[in-house]
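Asker: Quick one: structure below, then a few questions.
The values are calculated or read from the model by the stated rules, or taken from the named source; none is laboratory data. None of these values were measured; they are calculated from a predicted model. Cβ sites come from the backbone with ideal geometry, for glycine too, and all protein chains shown count toward neighbours. Accessible surface is based on the protein model in full, side chains and every heavy atom, while ligands, DNA and RNA are left aside. Shrake-Rupley method; radii C 1.70, N 1.55, O 1.52, S 1.80 Å.
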Amino acid sequence: MDLLGFIIILVKVLVVFAATMITVMGMIYAERRVSAFMQGRLGPNRVGPKGLLQPIADGIKFFMKEDLIPSGADKPIFILAPAILLIPALMTFAVIPFGSSITIFGREIALQVADVNVGILYILALTSIGVYGIVLAGWSSNSKYSLLGGLRSSAQLISYELAMGLAVVSIILLAGSLRLNDIIADQQGYFLSWNVFKQPLAFIIFLVAVYAETNRLPFDLTEAEQELVGGYHTEYSSLKFAMFFLAEYANMITAAALTVTLFFGGWDVPLLDESSLGLLGAILSVLSFILKMAFFLFLFIWVRWTFPRFRYDQLMRLGWKVLLPLALVNIFLTGGYLTLTAMK
Amino acid sequence: MATIIKSYEPTFWDKLYFPALLKGLMVTIKHFFRQKVTIQYPDERHIPPDGYRGLHRLNKYPDERIKCVACEMCAAACPSNCISIIPGPSPWDDGKERYPVRFDINLLRCIYCGFCEMACPEGAIELTEIYDFSNYSRDDLVIDKDGLLGVYELTKKQNYYTKKSHSPASLPFKTERT
Amino acid sequence: MPFIKIDEKEFEVAKGITVLQAALANGIEIPHYCFHPVLEVVGSCRMCLVQVEGMPKLQASCNTSIGEVALDKKLDGKYDMVVNTQTDAVKQERKNILEFLLLNHPLDCPVCDQAGECYLQDYTFKYGNAHSRFKEEKRVRPSESLGSNIVINQDRCILCSRCVRFTREISGTNELFVQNRGYHSKVSILKDKPLENLMAGNVADICPVGALLNTDYIHKNRFWNLDTIPSVCQDCSAGCNVDVFSQRDEIFRLTPRENHDVNGYFMCDIGRYGFHRFEEIERVNQPLVRNGKSFDVIDWAEAIQKTADLIEQSNGKTAGIVSPFHTNESNFLLGLMINGMLGMLPAIQAEEITYPSGFRISADRSPNQRGMNNICGGLAEDLSSEIKTQAIRGLYILDDGVDRELDDAWKEILAKMDFLIVQSYAMTDLAKLAHIVLPGLAPYEREGTITNDQDRIQWLRPSLSIKAESKPDWEILMLVNNALNKKAENFTGLDDVIIKMGEQFPNYSGITLFKIATQGIALNGKKM
Amino acid sequence: MFTSIFFYFLASIAIASAIFVVLNRNAVYSAIALVLCFFSLAVIYLLLEAYVIAVLEVFIYAGAIMVLFLFVIMLLNLGLEDAFPYFRHLQRALSLFMVGLFFVGIFLIMFNEQGILHQPGEKFSAGDIYALGEALFSKYLLPFEVASLLLLVALIGTVYLAKRKI
């Protein structure tokens, strides 16, 4: 590993990190504006033009708030928990390719922080680590609402991770690789080669599971405010709360990116060969990726302000009795299809 | 004769839920593009309809004489006991010999039901359309006779809120407006 | 005894009383204006018309007396008289009468001070028409002052002549009369003889409408705002029963309360306006101790202890001065505390006034002279000389309050004392001389029993709240007593004190506040 | 050089956290320490270029099993010291015996077969998902199936225990 390579990686890390953070801020703004629009309101429009600086104001407010730690709390874990949640959420993005590749200084640079050959497993592993943040936050707060929120959350995440993982397995079967680049390459070409058309069932399962994984409505049982006040972060305030907030939105961004990568051809621009266009192609690919991702981020908000929350038993039934068997059937069918085509 | 009500049998599509979910999404996205109903309060002001019950006022006759005769019917009718009146002899020679020496309304206690307006035999107390009279202290929200008469001066000729974008005159008692 | 029937109810009534009296005594309401139990019957208002069976027209019930008829003429074989107050004719007649009364009566209830206790208002609401058919202009006449705090609003007057009869029959002063005839009739006075007597205030009370008004109360408040406490007047020994009307810790007026054993239906103006004396006084709100020329504020425990120490140190050379202005309980407890000499300051006397009706203003202008004498056996006859002969070094004084003015002789005596403990509610002359001032309660704040000059014990009820750190007088005395006495007695309330009092004075045994109630008890079973 | 320093660093973290797991009295802290231990092991696997194993270590052990552990600990809310007072002596004796047995085994292997605890060769088969799959479904098919059967039995047993009426 030479110095230049190291610098390039560093730059990529910074760019991805900054992009994630900016997107998070955009999401916070969008969440408030879109929800307002859907309810016939205007939403925040005072801070900056059209209220665009609202997330910054929110951030400053978070900084200014008093940092409370409940007296009965388990202090080290209480402080550690938000970080445990946030770090995996930010790390996940490292393996997602957000564009084709560009050539600078005679070097081909992949628009991806790390090309891991078990990329998809890496993502699944990290999302499962995030559960610790929630569980420990809930437990260490020494509050019944937090604990219940944490327990619910962990059970929910474990349940839906299975369905999600199995839905992804069918994609892996098609691509024959765990590398995300391979999966994208598999979807390259014409429009219908995207996995969403090849694996619609897997897509639906994955989409539902992703909503559950990110604790978004209609699956936000973790923080069902009517029952649990704020769920696992009831006792959190100030920056620690902001970290939870950040993690939630970072998770959403990752989830949207992953959905795009797995089912919508990633950075693929339909009917276009990006590599032949050089830098323009790379820019187009990044734009295409961002656009697709933006749609799914919007979908997150859209769904949140449309559907009511599930009851907990309904959630569990859906996860174990519907999505899991469906995912297994889907794997079986995909495997059968692949075997049959291989035999020919 | 018992009526037979057919229980709802969900069809295959109903059981799938997806059509219903899409329908729901369509509803919200339709609202996304609709005209918004919010009023930008400090810049624009909602003009209340006639009959709106807001801040009180004490009416006067054209010759500047206070209509109120301190009969305390409003205080008797008040369900929240927010009106307190101290009566006294009228400073005018002719006409009704009673007169409110003090007339205080606790705007925090008041529930703006308008019973005082209905109880008043002289048409002296009225509820105006003024709704934004918030304040920083409880004491400042007890409006006295001068305040009530000042409100009358503000509202006797025209609606207090003339135009949506128009910033109305300041109230005759200490308020904190944006 | 005539046996009559009113509205399907059967009564046996005394011979000679009127139908109205019989009905009112038995809880049947017949509306009336001009009738008053102690005034001569004139039957001018016609409001009390009832239907008497066998009589062709409606009869004024106030002027129809009940007698016995011959056996064979009894109605239904047993009734001497059958009266109906609820027939359609009676109801229609009431409506008509009220319509007539309201022809010229202004509908200015919002500004009228009688509103809420107005017979015209009540009866119109209950028996009258909902609407007036009178379209013409009403008669407007100016209000006039009649003297003695009374004004008359001529528009509102319904000419029932109660007030005129009052001045003729009760006060005997004959100031009021009905001037002119018919449409021009009005209650009036002669120019050189205004309404000036000490019972004048009563005409405003007996006026059924808002025509006669008391300038002391006019435009001050509304009837329904006031809390009414039945109490006793504290301005002379007669002990008239009164209702005290107050709102938010302020007394607005006193009106006489019916008690046939004491004052009948009336009270005098001295008592009626007497409460104003206590409005603007320099109150003592905290225990004070002398420091040179001025006073220091101390807390109660300290004040009680200091007082007890002073009394203890004087070795029995402390005399107590009880007060005819204080309640029986306070005087009694002071007697308990001081083993030695008890006395009182010179009595406050004035002219005794008796009216033709028998209403009396006592010469003794202290409310509880008799009770004080009853409860403190052996008061020193001439206190000032006794103090000298017995070499009294200290005095514990229950202050008479704002009515007491000290003469020079007494000032000299008091100045010689080693210590002077004054229990008072105001900075009176006495309190200014004191070494320790213990803040008690003012009249209308204090509660207890007082005994009038006819030996009738009555319940003094408080209308006002206790101010600042003041304590009830009996409680102060009990605390000092307990600080002095090893066998301390803890009274939890007035009733305990009264029981204790009854143990020592047989006259007062078996008395409780509950038994005294609103009408009082004549001591020794003597009826007044 | 760099790699070996990194290895020793990670190894010491792993051992320290493992000791912490045993010595700590707070069950939640122990669980977290165990997760840390798994992580350092995962990174050691990464050093060995065994990506799949590393990710699976995190995914399954840290991500799934330990969460369930934590779940149970929180639900029971044990002050674990007094959990089994009657078995304490037996427990200690037994655990000492087991640890001894473990070390004896390790030493036996170390001294008998020198090459078994060695650095990996250039191509370490466990790093590749294909190699892993092939190994599992050919050479180690029987152990794999036995493990599957064992898990199935455990699954059925759990369901039976949890639900009285099936």
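Asker: Among C:L494, A:L136, D:L149, which residue has its Cα positioned farthest towards the positive end of the charge dipole of the protein assembly as shown, with +1 placed on the Cβ of Lys and Arg, -1 on the Cβ of Asp and Glu, and the dipole taken about the Cα centre?
Answerer: Of the listed residues, the answer is D:L149.
Asker: While we're on this one: Could you grab the relative contact order for the stretch A:68-343? Cα pairs under 8 Å, six or more apart, rounded to a whole percent.
Answerer: This gives 26 percent for the stretch A:68-343.
Asker: Taking the Cα centre of the stretch A:68-343 as origin and charging only Cβ (+1 Lys, Arg; -1 Asp, Glu), how large is the dipole, in debye to the nearest 20?
Answerer: The calculation lands at about 440 debye.
Asker: When only the heavy atoms of the protein chains count and the probe is 1.4 Å, how do D:Y140, A:Y190, C:Y355 rank by accessible area, highest first?
Answerer: From most exposed to least exposed: A:Y190, D:Y140, C:Y355.
Asker: So which lysines pass the test for D:K139, namely a Cα distance under 21 Å, with those fewer than 8 places away in the same chain ruled out?
Answerer: D:K123
Asker: Output ³J(HN,Hα) for the stretch A:138-149: one whole-Hz value per residue in order, computed from phi by the Karplus curve 6.51 cos²θ - 1.76 cosθ + 1.60 with θ = phi - 60°, and x for Gly and Pro.
Answerer: x, 6, 6, 5, 6, 9, 5, 5, 4, 4, 4, x
Asker: For chain B, what does -39500 (n - 2.57) per DSSP helix run (n ≥ 4), summed and divided by total residues, give at 222 nm, in deg cm²/dmol to the nearest 500?
Answerer: After summing the helix terms and dividing by residue count, I get -6000 deg cm²/dmol.
Asker: Report the number of Lys pairs in the stretch C:371-497 whose alpha-carbons are under 25 Å apart, with separation of 8 or more residues or on distinct chains.
Answerer: The result is 9.
Asker: Now a separate question. Quick one: which residues, 5 or more positions from B:G88 or on another chain, have an amide H under 5 Å from its amide H? H modelled 1.01 Å from N in the peptide plane, none for Pro or chain starts.
Answerer: Counting only residues 5 or more places away or on other chains, the set is B:Y99, B:V101.
Asker: Give the long-range amide H neighbours of B:H56: residues separated by 5 or more places, or on another chain, with amide H under 5 Å away, using H modelled in the peptide plane at 1.01 Å from N.
Answerer: B:T128
Asker: Could you work out the local net charge near C:V178, counting Lys and Arg as +1, Asp and Glu as -1, over the other residues with Cβ closer than 11 Å to its Cβ?
Answerer: Counting the neighbours of C:V178, the net charge comes to +3.
Asker: Looking only at the stretch C:186-228, which residues have a backbone nitrogen under 19 Å from a spot 7 Å from the Cα of C:T354 in the C-beta direction?
Answerer: Backbone N within reach: C:198-199.
Asker: Enter the angle in degrees (range 0 to 90, nearest 10) between the Cα long axis of helix B:145-155 and the first principal axis of the Cα atoms of chain B, meaning the one along which they spread out most.
Answerer: For B:145-155 against chain B, the angle is about 60 degrees.
Asker: Ignoring ligands, DNA and RNA, please state the percent of accessible area on the stretch D:6-79 from carbon and sulfur, probe 1.4 Å.
Answerer: Of all accessible area on the stretch D:6-79, carbon and sulfur atoms account for 78 percent.
Asker: While we're on this one: Among C:30-36, B:27-33, A:235-241, A:325-331, how do they line up from the highest to the lowest mean number of other beta-carbon atoms within 10 Å?
Answerer: So the peptides C:30-36, B:27-33, A:235-241, A:325-331, ranked by packing, come out C:30-36, A:235-241, A:325-331, B:27-33.
Asker: Nearest 0.05, what FRET efficiency do C:V297 and C:I466 give at R0 = 25 Å with Cβ-Cβ as r?
Answerer: So the FRET efficiency works out to roughly 0.90.
Asker: Over what distance in Å are the Cα centres of the stretch C:211-227 and the stretch C:168-207 separated?
Answerer: Each part's Cα centre sits 20 Å from the other's.
Asker: On average, how many beta carbons from a partner chain sit within 10 Å of the beta carbon of a residue in A:151-160?
Answerer: Average neighbour count from other chains, rounded to a whole number: 2.
Asker: Suppose each label sits 7 Å from its Cα in the direction of the beta carbon; what would the C:L107-A:A114 distance come out to in nanometres?
Answerer: Those two pseudo-labels are separated by 9.2 nm.
Asker: What is the Rg over Rh value, at two decimals, for the stretch A:68-343, using alpha-carbon atoms and the Kirkwood definition of Rh?
Answerer: In the stretch A:68-343, Rg relative to Rh is 1.01.
Asker: Another question, if that's okay. Tell me, what ³J(HN,Hα) does each residue in the stretch C:446-452 have, in order and in whole Hz, if you take phi through Karplus 6.51 cos²θ - 1.76 cosθ + 1.60 with θ = phi - 60° and put x for Gly and Pro?
Answerer: Once rounded to whole Hz, the list reads 7, 10, x, 10, 10, 10, 7.
Asker: Quantify how strongly other chains surround peptide A:121-129 by giving the mean number of their Cβ atoms within 10 Å of each of its Cβ atoms.
Answerer: 6
Asker: Right, next: Determine the calculated [θ] at 222 nm for chain A from helices alone, applying -39500 (n - 2.57) to every DSSP H run no shorter than 4 residues and normalising by the residue count; nearest 500 deg cm²/dmol.
Answerer: That calculation yields -22000 deg cm²/dmol at 222 nm.
Asker: Given the pairs A:K321/B:K6; C:K57/C:K78; C:K57/C:K126; C:K9/C:K78, which span a C-alpha to C-alpha distance of over 19 angstrom in this model?
Answerer: A:K321/B:K6; C:K57/C:K78; C:K57/C:K126
Asker: Apply the Karplus parameterisation 6.51 cos²θ - 1.76 cosθ + 1.60, with θ equal to phi minus 60°, to every residue of the stretch C:190-198 and state each ³J(HN,Hα) to the nearest whole Hz, in sequence, with x for glycine and proline.
Answerer: 7, 4, 8, 9, x, 6, 9, 8, 6
Asker: Just how large is the dipole of the protein assembly as shown about the Cα centre, in debye to the nearest 20, putting +1 at every Lys and Arg Cβ and -1 at every Asp and Glu Cβ?
Answerer: 3360
Asker: How big is D, in µm² s⁻¹, for the stretch C:288-525 by Stokes-Einstein at 37 °C and 0.692 mPa s if Rh is the Kirkwood radius over C-alpha pairs?
Answerer: 179
Asker: Right, another one. What whole number of Å gives the distance from the Cα centroid of the stretch C:119-165 to the Cα centroid of the stretch D:1-79?
Answerer: Using only Cα atoms to place each centre, the spacing works out to 100 Å.
Asker: Would you mind checking the tilt of helix A:324-343 against the longest principal axis of the Cα atoms of chain A, expressed as 0 to 90 degrees and rounded to 10?
Answerer: For A:324-343 against chain A, the angle is about 10 degrees.
Asker: Continuing with the same structure: Sorted by mean Cβ packing within 10 Å, highest first, what order do the peptides C:184-196, C:316-328 take?
Answerer: So the order, starting with the most tightly packed, is C:316-328, C:184-196.
Asker: At what distance in nm do the modelled label points of C:R141 and D:Y160 sit from each other, each positioned 7 Å from its Cα along Cα→Cβ?
Answerer: Calculated label separation equals 11.2 nm.
Asker: Moving to a separate point now. Excluding C:I270 itself, calculate the net charge of residues whose Cβ lies under 15 Å from the Cβ of C:I270, where each Lys or Arg counts +1 and each Asp or Glu counts -1.
Answerer: Around C:I270, the surrounding residues sum to -3.
Asker: Something else about it: Check every DSSP H run in chain C and write down those whose alpha carbon atoms cover 18 angstrom or more along the long axis and whose mean Kyte-Doolittle hydropathy is -0.5 or greater.
Answerer: C:88-104, C:300-313
Asker: Quick one: compute a quarter of the convex hull surface over the Cα atoms of chain C and quote it in nm².
Answerer: For chain C, the mean projected area of the Cα convex hull comes to 29.2 nm².
Asker: If you average 1/r over all unlike Cα pairs in the stretch C:3-97 and invert the result, what Kirkwood radius do you get in angstrom?
Answerer: One decimal place: 13.4 Å for the Kirkwood radius.
Asker: Please give, to one decimal in nm, the separation of the simple spin-label points placed at C:K91 and B:F18, each 7 Å out from Cα toward the Cβ.
Answerer: 7.9
Asker: Enter the Cα centre distance for the pair the stretch C:396-438 and the stretch A:75-139, rounded to the nearest angstrom.
Answerer: With the stretch C:396-438 and the stretch A:75-139 each reduced to a Cα centre, they are spaced 92 Å.
Asker: Please compute how much accessible surface disappears when A pairs with D, both sides summed, using a 1.4 Å probe, and round it to the nearest 100 Å².
Answerer: Separately minus together, A and D give about 2000 Å² buried.
Asker: Treating the protein assembly as shown as a set of equal point scatterers at the Cα positions, no solvent, please give the Debye-formula log₁₀ I(q)/I(0) at q = 0.07, 0.08, 0.09 Å⁻¹.
Answerer: These q points yield log10 I(q)/I(0) values of -0.89, -0.98, -1.12.
Asker: What is the percent carbon and sulfur in the accessible area of the stretch B:1-158, measuring with a 1.4 Å probe over the protein chains and ignoring ligands?
Answerer: Carbon-and-sulfur percentage of accessible area, whole number: 58.
Asker: I would also like to ask the following. Would you mind listing how long the stretch B:8-157 runs along its three principal axes, going by Cα atoms, in whole Å with the largest first?
Answerer: That works out to 87, 37, 30 Å along the principal axes.
Asker: Checking the a/c ratio against 1.5 first, then a/b against b/c, what shape does the Cα gyration tensor give for the stretch A:1-76?
Answerer: Verdict is oblate for the stretch A:1-76.
Asker: Highest mean first, how do C:206-219, A:171-184, C:411-424 rank when packing is the count of other Cβ atoms within 10 Å averaged over residues?
Answerer: Answer by packing, highest mean first, reads C:206-219, A:171-184, C:411-424.
Asker: Let me ask something else. Once the Cα gyration tensor of the stretch C:62-101 is diagonalised, what are the square roots of 5 times its eigenvalues, in whole Å and ordered largest first, as equivalent ellipsoid semi-axes?
Answerer: The three semi-axes for the stretch C:62-101 are 29, 12, 5 Å.
Asker: Can you give the helix-only mean residue ellipticity at 222 nm for chain C, where every DSSP H stretch with n ≥ 4 adds -39500 (n - 2.57) and the sum goes over all residues, rounded to the nearest 500 deg cm²/dmol?
Answerer: Estimated from H runs of four or more residues: -6500 deg cm²/dmol.
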